[in-house]
Amino acid sequence: MEEQFILRLPPSVAERIDRLLSENASSSSDDKSLDLTFSEDGRSGTFSIGNDHFPAFLLDLPGIVESYKTYDDSVLIKSADIGQMIMVKEEGDSVPDEVEYRHGLTPPMRDARRRRFRREPDLNPELVRRAEKDLQNIMAGGTAENIDVEAIEHEEDGEENARNVSKKVEPKPPEKPDIPEAGTAGGEPDRSDSDESDYSI
């Protein structure tokens, strides 16, 4: 598997790179230098083409995108799972305020996080921290610190009721009278009509 990302550029910059990558067009020497540098946070940086510099941002995609390549235009071979995108913006454009891009790459995936995925549960961070601490204590051989007393009493009542139910004596089913089965009482078994052969023909 390869490591890949998606580079999303403004239309003017995309045209310049398209001309640069084209084999037929002769590009100027100014556009031949491409550079992408990131700051210490790893999320924001600068994209340079020639003498022009543009702000760039590393964003997480809302879902995994598979990329494929082909050598004969008929068989596709999966080459990578892509989960991030580098978005290059023009100077003065709005800066993304989140690390996740809320839309996918295609129009049906617009606002995918809200429309297509389950909402994250609203949990109290303090409650999660206490539950995690209790779980670590239990795994280390200790006991949980925060125990709900009412729940334990309710469970004990339920166990006691279950014991009382199991102590009840179930009535025995009525006994069936002993009737000998057909064919076991010493005589010949009854014959059906199919057993008798018709020799008159």
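The values are calculated or read from the model by the stated rules, or taken from the named source; none is laboratory data. Quick caveat: nothing in here was measured; it's all calculated off a predicted structure. Virtual Cβ from ideal backbone geometry, glycine too; neighbours counted across all protein chains shown. Keep in mind that these areas ignore ligands, DNA and RNA; they rest on the heavy atoms of the full protein, side chains included. Shrake-Rupley method; radii C 1.70, N 1.55, O 1.52, S 1.80 Å.
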Can you name every residue in region 105-115 that is hydroxyl-bearing (Ser, Thr, Tyr) and modelled with pLDDT under 85? none
Residue within region 135-145 that is open to solvent by less than 80 Å² (accessible area, probe 1.4 Å) and assigned to a helix (DSSP H, G or I) present: yes
Determine whether Arg102 is open to solvent by 100 Å² or more (accessible area, probe 1.4 Å), at pLDDT below 85 and touching a Lys or Arg at 6+ places or on another chain (Cβ under 6 Å). yes
Subset tally (residues that are under 23 Å from Glu2 (Cα atoms), more than 24 Å from the chain's Cα centre (by Cα) and either exposed (fewer than 10 other Cβ atoms within 10 Å of the Cβ) or touching a residue at least 12 places away in the same chain (Cβ under 8 Å) (or both)) for region 71-93: 7
Just to verify a result, which residue in region 1-12, among those that are open to solvent by 50 Å² or more (accessible area, probe 1.4 Å) and outside any strand (DSSP E or B), is modelled with the highest pLDDT? Pro11
When the residues of region 13-27 are narrowed to those that are surrounded by 11 or more Cβ atoms within 10 Å (Cβ to Cβ) and of a type outside the set (Val, Ile, Thr), which ends up modelled with the lowest pLDDT? Ser27
Name the single residue that is nearest to the chain's Cα centre (by Cα) among those in region 46-59 being modelled with pLDDT under 90 and open to solvent by less than 20 Å² (accessible area, probe 1.4 Å). Ser48
Report every pair of residues separated by at least 6 positions or lying on different chains whose Cβ atoms are under 7 Å apart, first residue within region 118-133 and within 17 Å of Glu145 (Cα to Cα), second open to solvent by less than 90 Å² (accessible area, probe 1.4 Å) and of a type in the set (S, T, N, Q). Arg130/Asn146
Run down Pro62, Pro96 and say which single residue is open to solvent by less than 80 Å² (accessible area, probe 1.4 Å), at pLDDT below 85 and either under 21 Å from Gly42 (Cα atoms) or part of a helix (DSSP H, G or I) (or both). Pro96
Criterion first (assigned to a strand (DSSP E or B) and either open to solvent by 80 Å² or more (accessible area, probe 1.4 Å) or without any contact (Cβ under 8 Å) to a residue 24 or more places away in the chain (or both)) does Asp35 satisfy it? yes
